[in-house]
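We did not get these values from a lab; they are worked out from the coordinates using the rules stated. Only a predicted model underlies this, so the values are computations on that prediction, with no experimental measurement involved. Cβ: placed from backbone, ideal geometry, glycine included. Neighbour counts: every protein chain shown.
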Amino acid sequence: MQVLFVEDDAMNRRVVKDMLRVVGANMEEAPDAETGLEMIENGSFNIILMDLRMPGMDGLTAIRQLRSRGCAKAELPVIVVTADTAVDLREQCLAAGADEVILKPVAMGALLNAMGRMVAKGGADDVILS
């Protein structure tokens, strides 16, 4: 499974990368939304993990831009990974086109469960985590 984590904090990226390595998933990293969108365009991913609060373009804007593209990559599963606890956060993320929302600090179980739901829905090329 190929995962892209769009997150400005290097430590958060490292922690999630270590979690995914345990289950045999490969993770690439983008330090900002603009780079993440470029990597999606040029790469091959099964799932996108997206932070919300980043310098420059925020995660919701990036998700909207991804969803507005007229290609198969516009349908990639997106899991928002955020420390934001706004009351209507989940609704905002889903309205922007996200598929799931998990909170930081990221718990391995929450991450794998969210990814598993994407696989079960057939939204991750039916790749099974090892």
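In this structure, the amide hydrogen of Met27, modeled 1.01 Å from its nitrogen in the peptide plane, lies closer than 5 angstrom to those of Val3, counting only residues at least 5 positions away or on a different chain. Summing Cβ point charges (Lys, Arg +1; Asp, Glu -1) relative to the Cα centre of the chain gives a dipole of roughly 300 debye. According to the Kirkwood relation over distinct C-alpha pairs, the hydrodynamic radius of the range 2-120 is 14.0 Å. Each helix, a run of at least 4 DSSP H residues, gives -39500 (n - 2.57); summed and divided by the residues of the chain, these come to -12500 deg cm²/dmol at 222 nm.
Note on the range 1-39 and the range 47-106: Cα centroid distance 14 Å, given to the nearest whole angstrom. On the basis of the beta-carbon distance and an R0 of 22 Å, Leu103 and Ser44 show a calculated FRET efficiency of 0.20. For the chain, the relative contact order comes to 24 percent (Cα pairs under 8 Å, sequence separation of at least 6).
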